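Reviewing the structure listed below.
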Amino acid sequence: MGMQIGFTMLLLLLIALAASTFRILREYERAVVFQLGRFWQVKGPGLILLIPVVQQMIRVDLRTIVLDVPPQDVITRDNVSVKVNAVLYFRVLDPQKAIIQVENFLMATSQLAQTTLRAVLGKHDLDQLLAEREQLNGDIQQVLDAQTDAWGIKVANVEIKHVDLNESMIRAIARQAEAERERRAKVIHAEGELQASEKLMQAAEMLGRQPGAMQLRYMQTLGSIAGDKSSTIVFPLPIELLKGMAELSPNKA
């Protein structure tokens, strides 16, 4: 009975040693192996062998990680307070640096993304924040990628998801947009008046070259008026005709 118990304990010990010796890593995983506390090498994927007690390993996932950056209070360059959140896409390129150079690369990247988001957006106006998101995404990505390179991390992309404004600022932006539309309408109307005056001046110059052309224009105007459904016709009388009637008047001395 005692031998059977001893054999069972030995078998369990061998199974535990085998479990700690043989490890299987998936295609997207790597093992950072330490030997007696010192870095030895990066292994994987597939089946790897470890010396029990002497060697320890830490798994590192090489897939792209999607990190949600929580809403941050940002004060823009024109002193407008907004809340901005974003999403960060990054992956580990160097497992050795990701484990050795920083305690927790996920937490460190998250905190760095929050501070960088506030720092970069604070250098721009509200109009740029609303209209130039693609450029701002690129600026944030470049800053994060440069700072996380020492950790063996590659920041692939940053996307600003939402910009939250308070109600008073939304109303102010609406009033600004309405004023801008009114300004454009007035400018277009003024440009139309200018073009019309220029065309009228050109027409007057052309009609003034031939006196008969003015008479034809009078007749054309009369014809267009008579074609309308109106019982009253106002016909312009030429000044030259009045002068001729004055000369033929019998009351002239």
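The values are calculated or read from the model by the stated rules, or taken from the named source; none is laboratory data. Just so we're clear, the structure is a prediction, and the values are computed from it rather than from any experiment. We place every Cβ from the backbone using ideal geometry, glycine too, and count neighbours over all the protein chains shown. These accessible areas exclude ligands, DNA and RNA; they are computed on the full protein's heavy atoms, side chains included. Shrake-Rupley method; radii C 1.70, N 1.55, O 1.52, S 1.80 Å.
Determine, yes or no, whether Thr76 is in contact (Cβ under 8 Å) with a residue 12 or more places away in the chain and under 17 Å from the mean Cα position of the chain (by Cα). Taking the combined requirement at face value, the residue satisfies it.
Scan the stretch 50-81 for residues that are part of a loop (DSSP other than H, G, I, E, B) and not β-branched (Val, Ile, Thr) and jot them down.
Within the stretch 50-81, the subset part of a loop (DSSP other than H, G, I, E, B) is 50-54, 62-64, 76-80.
Residues satisfying the conditions are Leu50, Pro52, Leu62, Arg63, Arg77, Asp78, Asn79.
Scanning the stretch 56-71 for residues that are without any contact (Cβ under 8 Å) to a residue 60 or more places away in the chain, surrounded by fewer than 18 Cβ atoms within 10 Å (Cβ to Cβ) and over 17 Å from Ala156 (Cα atoms) yields Gln56, Ile58, Arg59, Pro70. Yes or no: the stretch 134-147 includes at least one residue that is modelled with pLDDT of 85 or more, β-branched (Val, Ile, Thr) and open to solvent by less than 60 Å² (accessible area, probe 1.4 Å). Taking every residue of the stretch 134-147 in turn, at least one turns out to be modelled with pLDDT of 85 or more, β-branched (Val, Ile, Thr) and open to solvent by less than 60 Å² (accessible area, probe 1.4 Å).
Among the residues making up the stretch 158-184, those that are of a type in the set (Val, Ile, Thr) and outside any helix (DSSP H, G or I) are Val158, Ile160, Val163.
Annotation for the stretch 73-91: no member residue is more than 30 Å from Ser168 (Cα to Cα), out of contact with any Cys (no Cβ under 9 Å at 6 or more places or on another chain), open to solvent by 50 Å² or more (accessible area, probe 1.4 Å) and acidic (Asp, Glu).
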